[in-house]
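Student: Okay, here's the structure, questions in a sec.
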Amino acid sequence: MIVNETLRLYPPAPLVVREAKKDIRLEGVDIPGGTTFVIPILAIHYDKELWGDNAAEFDPSRFAEGASKSSRHPKAFMPFTHGPRMCLGMNFALLEIRLVLATILQKFTFVTSPIYKHDPLYTLTMKPGKGAQVEVKREDCEAQGNIIENLFGKSGFLVGVIE
Ligand code: HEM
């Protein structure tokens with residue numbers, strides 16, 4: 001639920017582009033063949049008509065009954081898009097996220113640093129505009145510290161280890 005809610009508010013791909021292969025009528029709108037259009041994933045994920053008045057709030061419990069029941073439309077949650085050109089790596093990515101988190105949380109706790117400034121940057125992909133500074137508390141094991149540095153340190157994240 002936490003992973004899904006994070007992907008809703010901060011979808012790594014904030015939009016995708018598609019081209020209509022033929023004339024179609026979609027929800028009463030005529031789209032001529034050849035039209036290029038944007039599917040604004042980010043805007044759909046923040047739409048109050050779909051997600052309610054608290055659309056901008058982090059509320060993992062939306063996903064308590066699964067992604068298709070998280071909003072008023074079964075396909076509104078679309079970090080990987082839907083259909084034949086949806087993300088091929090979706091299952092791998094979701095497994096990877098869970099494995100990495102489970103591995104880290106066995107030995108570490110972490111919180112956002114006081115110097116972190118929330119500033120999501122929407123370009124082709126979404127990223128933290130001013131970095132993602134986290135403070136990591138190591139419970140006991142030196143070896144796990146290396147894993148944290150590999151994951152965050154070398155990719156430009158600032159890591160503070162609190163003894
Ligand atoms: C949280 C992680 C990920 C997210 C949110 C994500 C999201 C997306 C989105 C939105 C698309 C559609 C792009 C478009 O049509 O313009 C896409 C396509 C694709 N993704 Fe991912 N992706 C993720 C991770 C991965 C991983 C780990 C892999 C490979 C191991 C992968 C492989 C692909 C491939 C091959 C396509 C192209 C599919 C096609 O065009 O038929 N993705 N992804």
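Student: In contact (Cβ under 8 Å) with a residue 24 or more places away in the chain and surrounded by 14 or more Cβ atoms within 10 Å (Cβ to Cβ) - does that describe any residue in region 20-34?
Tutor: Pass one, region 20-34, residues in contact (Cβ under 8 Å) with a residue 24 or more places away in the chain: none.
No, region 20-34 contains no residue that is in contact (Cβ under 8 Å) with a residue 24 or more places away in the chain and surrounded by 14 or more Cβ atoms within 10 Å (Cβ to Cβ).
Student: Restricting attention to region 102-126, which residues are over 30 Å from ALA20 (Cβ atoms) and either in contact with a helix residue (DSSP H, G or I) (Cβ under 8 Å, 6 or more places away or on another chain) or surrounded by 14 or more Cβ atoms within 10 Å (Cβ to Cβ) (or both)?
Tutor: Once the filter is applied, which keeps residues that are over 30 Å from ALA20 (Cβ atoms) and either in contact with a helix residue (DSSP H, G or I) (Cβ under 8 Å, 6 or more places away or on another chain) or surrounded by 14 or more Cβ atoms within 10 Å (Cβ to Cβ) (or both), region 102-126 yields THR103, ILE104, GLN106, LYS107, PHE108, PHE110, SER113, TYR116.
Student: So, in region 66-96, exactly how many residues are at pLDDT 95 or above, within 10 Å of the ligand (Cβ to nearest atom) and within 29 Å of LYS48 (Cβ to Cβ)?
Tutor: Taking region 66-96 and keeping what is at pLDDT 95 or above, we get 66-82, 86-96.
Still in the running and within 10 Å of the ligand (Cβ to nearest atom): 78-82, 86-96.
Narrowing further to those that are within 29 Å of LYS48 (Cβ to Cβ): 78-82, 86-87, 90, 93-94.
Total meeting the criteria: 10.
Student: Have a look at LYS48, LYS69, LYS107, LYS22 and point out the one that is over 19 Å from LEU7 (Cα atoms), in the same structural domain as LEU7 (by TED's automatic domain parsing) and basic (Lys, Arg). Please lay out each step first, then the result.
Tutor: On the way: LYS48 fails: over 19 Å from LEU7 (Cα atoms); LYS69 fails: over 19 Å from LEU7 (Cα atoms); LYS107 fails: in the same structural domain as LEU7 (by TED's automatic domain parsing).
Step by step, each of LYS48, LYS69, LYS107, LYS22 is checked, and only LYS22 is over 19 Å from LEU7 (Cα atoms), in the same structural domain as LEU7 (by TED's automatic domain parsing) and basic (Lys, Arg).
Student: Now, a different point. For region 127-140, state whether one or more residues are outside the structural domain of LEU15 (by TED's automatic domain parsing), assigned to a strand (DSSP E or B), out of contact with any strand residue (DSSP E or B) (no Cβ under 6 Å at 6 or more places or on another chain) and surrounded by 12 or more Cβ atoms within 10 Å (Cβ to Cβ).
Tutor: There is at least one residue in region 127-140 that is outside the structural domain of LEU15 (by TED's automatic domain parsing), assigned to a strand (DSSP E or B), out of contact with any strand residue (DSSP E or B) (no Cβ under 6 Å at 6 or more places or on another chain) and surrounded by 12 or more Cβ atoms within 10 Å (Cβ to Cβ).
Rundown of residues vs (1) touching a strand residue (DSSP E or B) at 6+ places or on another chain (Cβ under 9 Å); (2) more than 18 Å from TYR122 (Cβ to Cβ); (3) more than 16 Å from the ligand (Cβ to nearest atom), yes/no style:
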{"residue": "TYR10", "(1), (2), (3)": "yes, no, no"}
{"residue": "LEU15", "(1), (2), (3)": "yes, no, no"}
{"residue": "ARG25", "(1), (2), (3)": "yes, yes, yes"}
{"residue": "PRO32", "(1), (2), (3)": "yes, yes, yes"}
{"residue": "ALA43", "(1), (2), (3)": "no, no, no"}
{"residue": "ALA55", "(1), (2), (3)": "no, no, yes"}
{"residue": "ARG98", "(1), (2), (3)": "no, yes, no"}
{"residue": "THR103", "(1), (2), (3)": "no, yes, yes"}
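The values are calculated or read from the model by the stated rules, or taken from the named source; none is laboratory data. From a predicted model like this one, the values you see are computed outputs, not experimental measurements. Methodologically, a virtual Cβ is constructed for each residue, glycine included, from the backbone with ideal geometry; neighbour enumeration extends over all protein chains shown.
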